[in-house]
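Undergrad: Quick one: the structure is below, questions incoming.
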Amino acid sequence: MDKKFYTVRAYEQKLFDDRLITASMEDYVEMLYRCTMEGEDYIRLNKLSAMLNVRDSSASKMMQKLGKLGLIDYEKYGIIRLTALGIKVGKYLLCRHNTIERFLKFLGSDSDILIETELIEHVIGSDTVENLNIFNCFIEDNKNILDEYRTFREKYYKNEDIEKI
């Protein structure tokens, strides 16, 4: 065996040790960006913590970290605004989320797509996200291929001779 295998944690360390923000930070920035898309350019801490199902104190600590990174403007227990950098990062994070979610929907995933998207989005590289986006666009432009896949999928699940995972 000439491939070197590692644990998930080791792969994460190899890929993300030099990463600017953690997965949790990404969740906060993505949610802040979602809120700006709803028309308001700011949000209050208690609303953000409720949206992410975390305590206000946890959200407050995270806002301090995001502020130090220049992603938000934040006064303790005041309003929170994304900076220009925060908007750029948030836009990418939401695009990444939507790309993965669309892909899983095309696959016909029967599991909770939100949960799977949230788990996948933090461990997938930007090149793969871009390729998934291209694939999604290809499928949308070629509905016949999606229909063929769905027909094949139905046959696959009905075929008792195929060993399924």
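Undergrad: Please verify whether region 98-119 includes one or more residues that are among the aliphatic types (A, V, I, L, M), surrounded by 15 or more Cβ atoms within 10 Å (Cβ to Cβ) and under 12 Å from the mean Cα position of the chain (by Cα).
TA: Yes, region 98-119 has at least one match.
Undergrad: If you go through region 27-57 one residue at a time, how many are of a type in the set (Val, Ile, Thr), assigned to a helix (DSSP H, G or I) and over 16 Å from the mean Cα position of the chain (by Cα)?
TA: 1
Undergrad: Let me ask something else about it. Given the conditions (1) at pLDDT 95 or above; (2) within 10 Å of the chain's Cα centre (by Cα), which single one is not true for Glu130?
TA: Of the numbered conditions (1) at pLDDT 95 or above; (2) within 10 Å of the chain's Cα centre (by Cα), the odd one out for Glu130 is (2).
Undergrad: Among the listed residues Asn133, Asn53, identify the single one that is exposed (fewer than 14 other Cβ atoms within 10 Å of the Cβ) and under 22 Å from Met37 (Cα atoms).
TA: Asn53
Undergrad: Here's a follow-up. List, please: which pairs have Cβ atoms under 7 Å, are six or more places apart or on different chains, and start with a residue in region 42-60 that is assigned by TED's automatic domain parsing to the domain that holds Ala84 and end with one that is modelled with pLDDT under 90?
TA: Leu45/Tyr77; Ser60/Lys76
Undergrad: Is it the case that some residue within region 23-32 is aliphatic (A, V, I, L, M) and at pLDDT below 90?
TA: no
Undergrad: Would you mind stating whether Lys91 is in contact with a Phe, Trp or Tyr (Cβ under 9 Å, 6 or more places away or on another chain) and either surrounded by fewer than 14 Cβ atoms within 10 Å (Cβ to Cβ) or under 17 Å from Leu20 (Cα atoms) (or both)?
TA: yes
Undergrad: While we're looking at this one, here's another question. Of these, Gly67, Gly78, which one is surrounded by 17 or more Cβ atoms within 10 Å (Cβ to Cβ) and either more than 19 Å from Cys137 (Cβ to Cβ) or among the basic types (Lys, Arg) (or both)?
TA: On inspection, the qualifying residue turns out to be Gly67.
Undergrad: Given (1) surrounded by 13 or more Cβ atoms within 10 Å (Cβ to Cβ); (2) outside the structural domain of Met25 (by TED's automatic domain parsing), identify the lone condition not met by Gly125.
TA: Among (1) surrounded by 13 or more Cβ atoms within 10 Å (Cβ to Cβ); (2) outside the structural domain of Met25 (by TED's automatic domain parsing), the lone unmet condition for Gly125 is (1).
Undergrad: Can you find a residue that is among the basic types (Lys, Arg) and more than 27 Å from Met25 (Cβ to Cβ) anywhere in region 103-114?
TA: No, region 103-114 contains no residue that is among the basic types (Lys, Arg) and more than 27 Å from Met25 (Cβ to Cβ).
Undergrad: Taking the condition assigned by TED's automatic domain parsing to the domain that holds Ile139, within 30 Å of Leu146 (Cβ to Cβ) and not β-branched (Val, Ile, Thr), does Arg102 pass?
TA: Yes: the conditions hold for Arg102.
The values are calculated or read from the model by the stated rules, or taken from the named source; none is laboratory data. Predicted, not measured: the structure shown is a model, and the values here were computed from it. Please note: Cβ atoms are built from the backbone with ideal geometry, for glycine as well, and neighbour counts cover all protein chains shown.
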